[in-house]
Amino acid sequence: MRYYQLLLPTLREEPAEAEVESHKLMLRAGMIRKVAAGIYTFLPLGVRVMHKVERIIREEMNRAGAQEVLMSCVLPADLWKESGRWEQYGRELLRIKDRHEREYCLGPTHEEMITDIARREIRSYRQLPVNLYQIQTKFRDEVRPRFGVMRAREFIMKDAYSFDADEEGAQKSYWQMFDAYAMIFRRSGLRFRAVEADTGLIGGSFSHEFMVLADTGEDVVASCGECDYAANLERAEVGRVVEEADEEIKGLERVDTPAQKSVEEVTEFLNVSPQRLVKTIIFDTGKEVIAALVRGDHEINESKLRRHLGALQMQMAGDELIADVTHAPKGFAGPVGLDLKIIADYALEGMRNFVTGANEPDTHLINVNLERDFQVDEFTDIRLAKEGDPCPRCPGRLQMFRGIAVGQIFRLGTKYSEAMGATYLDPQGREKPLIMGCYGIGVGRTVAAAIEQNHDENGIIFPISIAPFHVLILPVNNKDAQIMRAAEDIYTLLQEKGVEVLLDDRDERPGVKFKDADLIGIPLRLTVGEKNLKKGKVEMKIRRSGEVVLVELEGVPEVAMRMISEQLGDGVSVS
Ligand code: ATP
Ligand code: MG
């Protein structure tokens with residue numbers, strides 16, 4: 001490709017709208033342009049990179065036995081009503097009507113659609129297992145679209161769905177996808193980790209997320225320093241350690257705490273540490289109202305609590321509901337005398353003589369004790385894990401790091417097949433529900449995550465497997481016929497070998513060309529300049545290491561090919 005024919009509008013200035021490096025660099029390198037909040041156009045350079053990632057995905061999905069399909073992005077509401085998600089999905093689902101007033105949505109994910117295909121097309125166990133995938137545009141009306149294509153509203157996703165006859169087969173499909181994902185992200189040049197994840201709105205029983213390690217990641221991962229336990233913070237368990245407090249049980253007392261509501265206020269006012277306070281938080285699932293108890297210095301993990309309750313939705317109670325069930329304003333709720341189901345975090349098990357709200361305005365209780373003063377219905381793990389907490393699997397401690405979730409795999413079981421009647425006939429002719437799994441990768445997010453991990457102050461440093469070009473040829477002076485001839489020769493030679501080359505044939509100052517070269521991050525740069533050319537040489541620079549070598553003109557294709565193959569790794573061809 002010739003630069004002057006390419007629409008590659010690089011920007012010198014830092015774009016003010018961008019908060020993270022990958023977003024800034026994708027704008028500056030002319031890869032993307034914003035259309036509206038969370039909606040982007042990909043320009044040629046961006047498309048080339050997206051295609052590289054898509055190609056890796058296709059190769060690995062096909063290798064794992066999955067077959068590519070292409071479903072519509074406009075989905076009939078009826079399918080979503082069958083699964084119940086038309087009501088559950090909330091405002092992320094963009095609902096539309098056609099001229100006949102029929103309802104549709106723009107597909108945010110395709111479980112309903114694929115289950116509909118399966119119930120029509122799969123009849124017998126002989127057709128199983130099947131794994132179908134697509135690479136297609138999704139729409140989710142995200143509350144806070146940000147970080148460019150990392151959290152967009154319109155974005156390209158690879159989504160795959162597996163169908164199996166039995167649990168054993170479903171497990172095999174799941175782990176096949178796990179391996180394929182590891183391969184995809186490895187080949188894309190990412191440093192990642194697979195962690196246990198929450199199943200959220202997709203539902204299902206079991207899930208892993210593939211996390212690219214990056215300080216700007218929106219997700220937090222808890223991982224054990226000693227064993228291989230790692231989980232998204234939403235899901236991360238905390239080891240159960242019961243420490244029986246060695247103190248005598250004292251008499252319950254009521255104390256005035258005028259306008260003291262928060263943990264800080266109350267503990268300061270009463271001169272006790274937050275570890276001696278128990279927070280009472282009221283939640284409403286739509287089906288029941290419950291009280292959750294956690295220690296004063298701990299935070300509640302709503303995902304874990306919601307999962308424990310088996311609730312689809314759950315909200316912290318508003319002021320009115322709090323007043324209704326506790327007879328006191330917010331900030332004074334407590335378990336003593338409270339007529340609600342009480343769920344307490346494990347950390348409360350050994351506590352003695354603690355402080356709680358009194359369910360009366362401006363009042364707290366001190367020396368509250370389990371059993372004597374109130375009953376806990378269920379003890380369980382409902383707190384947010386934090387740095388240094390005990391690991392749930394071994395005596396180790398948890399560490400926290402940030403990551404970008406680029407892919408997630410789920411075991412769905414029969415959630416959708418049962419709701420929508422997708423069955424098959426087993427060898428005995430019995431009708432059984434299909435067992436499903438679903439598997440997503442954000443293509444744009446993968447590109448952004450790769451840039452987040454691979455850049456320096458001058459620009460992007462593309463891993464060669466997803467680079468828009470392998471080699472950039474940079475003739476320093478367009479007016480010099482000799483330089484241009486040499487550059488053109490190398491360009492032709494490399495192209496013949498299947499190398500993807502960009503020839504910077506613009507009539508620009510060398511400084512501009514060098515700056516753009518660093519910004520767009522092509523792995524190998526060949527500089528053709530007068531001085532070296534006189535010696536029959538060109539300069540080869542490796543973008544990542546900054547290493548510079550002089551190469552004989554005739555040797556260029558061989559050296560370039562070798563470097564590309566080395567960086568691409570074994571078994572991956574150049575063209
Ligand atoms: P998140 O927790 O980040 O919102 P999710 O759990 O909603 O992600 P999935 O439904 O599992 O995501 O989607 C599969 C993949 O699609 C994600 O791992 C991610 O790479 C990508 N993805 C999801 N939402 C977005 C988005 N708004 N913009 C870009 N990519 C996205
Ligand atoms: Mg989401």
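Could you tell me what percent of the accessible area of the range 253-380 is made up of carbon and sulfur, with a 1.4 Å probe and every protein chain present?
44
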**Message:** Spelling out what I want: for every residue of the range 225-241, take phi, set θ = phi - 60°, compute 6.51 cos²θ - 1.76 cosθ + 1.60 (Karplus), and round to whole Hz; glycine and proline get x.
**Reply:** x, 10, 10, 9, 5, 8, 8, 4, 3, 4, 10, 3, 8, 10, x, 8, 10
**Request:** For the range 85-100, just list the computed ³J(HN,Hα) in residue order, Karplus coefficients 6.51, -1.76 and 1.60, θ = phi - 60°, integers in Hz, with x standing in for Gly and Pro.
**Result:** 7, 4, 7, 6, 5, x, 7, 5, 7, 8, 9, 9, 10, 8, 5, 9
**Request:** Round to the nearest 0.05 the FRET efficiency obtained for ILE542 and GLN399 when R0 = 45 Å and r is the Cβ-Cβ distance.
**Result:** 0.85
**Item:** Those Cys residues of the chain for which no other cysteine Cβ falls under 4.7 Å
**Value:** CYS73, CYS105, CYS438
**Message:** On a full-extension model of 0.36 nm per residue, what is the gain between GLU87 and ASP362, subtracting their alpha-carbon distance, rounded to one decimal in nm?
**Reply:** 95.0 nm
**Prompt:** In whole Hz, what ³J(HN,Hα) sequence does the range 315-325 give by Karplus (6.51, -1.76, 1.60; θ = phi - 60°), x for Gly and Pro?
**Reply:** 10, 5, 5, x, 3, 5, 5, 4, 4, 5, 8
**Whole-number Å³ per residue for the convex hull built on Cα positions in the chain** = 200
**Request:** Round to the nearest 0.05 the FRET efficiency obtained for ASN477 and MET183 when R0 = 51 Å and r is the Cβ-Cβ distance.
**Result:** 0.70
**Item:** Calculated FRET value between GLU59 and LEU7, using beta carbons and R₀ = 22 Å, to 0.05
**Value:** 0.20
**Request:** Mind running the shape call on the range 73-186? Use the C-alpha gyration tensor, a ≥ b ≥ c as the square roots of the eigenvalues: rounded below 1.5 for a/c, prolate if a/b tops b/c, oblate otherwise.
**Result:** oblate
**Message:** Step by step: find N for the range 253-380, compute 2.2 N^0.38 Å, then divide the Cα radius of gyration by it. What's the final number?
**Reply:** 0.97
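Among the listed pairs LYS172/LYS415; LYS158/LYS497; LYS138/LYS172, give every one whose C-alpha distance is greater than 20 Å. Walk me through the numbers before you get to the answer.
On the way: LYS172/LYS415 18 Å; LYS158/LYS497 31 Å; LYS138/LYS172 28 Å.
Check vs 20 Å cut-off fails for LYS158/LYS497; LYS138/LYS172.
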**Gain on full stretching of the segment that runs from ALA37 to ALA259 - 0.36 nm per residue minus C-alpha separation** = 75.7 nm
**Message:** Given points 7 Å out from each Cα along the Cα-Cβ axis, report the GLN315 to THR492 separation in nanometres with one decimal.
**Reply:** 7.1
**Prompt:** What residues have an amide H closer than 5 Å to that of ASP219, excluding those fewer than 5 places away on the same chain, when H is modeled at 1.01 Å from N in the peptide plane?
**Reply:** GLY403, ALA405
**5 angstrom amide H check on ASN301, placed H, neighbours 5+ away** = ARG383, LEU384
**Prompt:** How much of the DSSP beta bridge set in the range 253-380 is antiparallel, as a percent to the nearest 5?
**Reply:** 65
**Fill in**
Sorted by chain and then number, the residues having a modelled amide H within less than 5 Å of the amide H of VAL376, at least 5 places away or on another chain, are GLU371
**Item:** Degrees separating the helix 443-453 axis from the principal Cα axis of the chain, which is the longest one
**Value:** 80
**Item:** Relative packing of 428-434, 135-141, which averages over residues the other C-beta atoms within 10 Å, highest first
**Value:** 135-141, 428-434
**Asked** So how far, in whole Å, is the C-alpha centre of the range 298-359 from the one of the range 73-143?
**Response** 37
**Request:** Hey, can you find the accessible area per residue of the chain for me, probe 1.4 Å, expressed in square angstrom?
**Result:** 46
**Message:** At 0.36 nm per residue, and after removing the present C-alpha to C-alpha distance, how many nm does the segment from ASP228 to GLU418 gain when stretched out fully?
**Reply:** 64.9 nm
**Ordering of 233-245, 441-453 by burial proxy (mean other Cβ atoms within 10 Å per residue, highest first)** = 441-453, 233-245
**Asked** In degrees from 0 to 90, rounded to the nearest 10, what is the angle of the helix 167-187 Cα long axis to the longest principal axis of the chain?
**Response** 50
**Request:** Straight distance only, please: which aspartates and glutamates reach the Cα of LYS304 with their own Cα at less than 15 Å, same-chain residues fewer than 8 apart left out?
**Result:** GLU196, ASP198, GLU234, GLU237, ASP284, ASP345, GLU378, ASP381
**Asked** How much accessible surface does GLU196 have with a 1.4 Å probe, in Å² rounded to 10?
**Response** 40
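The values are calculated or read from the model by the stated rules, or taken from the named source; none is laboratory data. It should be emphasised that the depicted structure is a prediction, and the values quoted were computed from it without experimental measurement. Here Cβ is always computed from backbone atoms with ideal geometry, including for glycine, and neighbour counts include all displayed protein chains. Keep in mind that these areas ignore ligands, DNA and RNA; they rest on the heavy atoms of the full protein, side chains included. Shrake-Rupley method; radii C 1.70, N 1.55, O 1.52, S 1.80 Å.
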